[in-house]
Amino acid sequence: MVCHKAGHSEEKTFRAVIEKSGHMLPIQERGAALTYAKRYTLCLAFGIAADEDTDGLTREQKNNN
């Protein structure tokens with residue numbers, strides 16, 4: 001829930017699955033899911049559209065290609 005000091009509030013929910021990758025400890029899997037859920041819930045609450053990073057390259061690497 002995001003609240004404005006004048007009283008307006010927005011509440012959004014986002015469910016994240018804890019994926020069993022086999023590459024992380026269970027606590028790391030939970031932490032990754034929590035971080036993901038926080039980021040996307042914040043974007044939903046504020047209406048933020050973010051560019052998706054699908055190639056894993058930095059901006060500098062992209063500019064050098």
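The values are calculated or read from the model by the stated rules, or taken from the named source; none is laboratory data. Remember, it's a predicted structure, so these values are computed and weren't measured experimentally. Reconstructed Cβ throughout: ideal geometry from the backbone, glycine too, with neighbour counts over all protein chains shown. SASA here: full protein model, heavy atoms, side chains in, ligands and nucleic acids out. Shrake-Rupley method; radii C 1.70, N 1.55, O 1.52, S 1.80 Å.
Accessible-area rank, largest first, for Met1, Met24: Met1, Met24, with all protein chains present and a 1.4 angstrom probe.
Largest to smallest in accessible area, the residues His8, His23 fall in the order His23, His8 (1.4 Å probe, all protein chains included). The stretch between Lys12 and Leu57, if pulled fully straight at 0.36 nm per residue, gains 13.1 nm over its current Cα-Cα span. Model label sites at Met24 and Lys38, defined 7 Å from Cα along the beta-carbon direction, differ in position by 1.3 nm. Assuming charge only on the beta carbon of Lys and Arg (+1) and of Asp and Glu (-1), the dipole of the chain about its Cα centre is about 260 debye to the nearest 20. Dividing the mean sequence gap of close Cα pairs (under 8 Å, 6+ apart) by how many residues the chain holds gives a relative contact order of 27 percent.
Within the shell defined by Cβ-Cβ distances under 14 Å, the residues around Ala45 carry a net charge of +1, with Lys and Arg each +1 and Asp and Glu each -1.
The aspartates and glutamates within cross-link reach of Lys38, meaning a Cα-to-Cα straight distance under 19 Å and a gap of 8 or more places when in the same chain, are Glu10, Glu11, Glu19, Glu29, Asp51, Glu52, Asp53.
Projected onto its three principal axes, the C-alpha set of the chain covers 48, 36, 14 Å, listed from the longest axis down. Accessible area per residue for the chain is 94 Å², calculated with a 1.4 Å probe on protein heavy atoms, without ligands, DNA or RNA.
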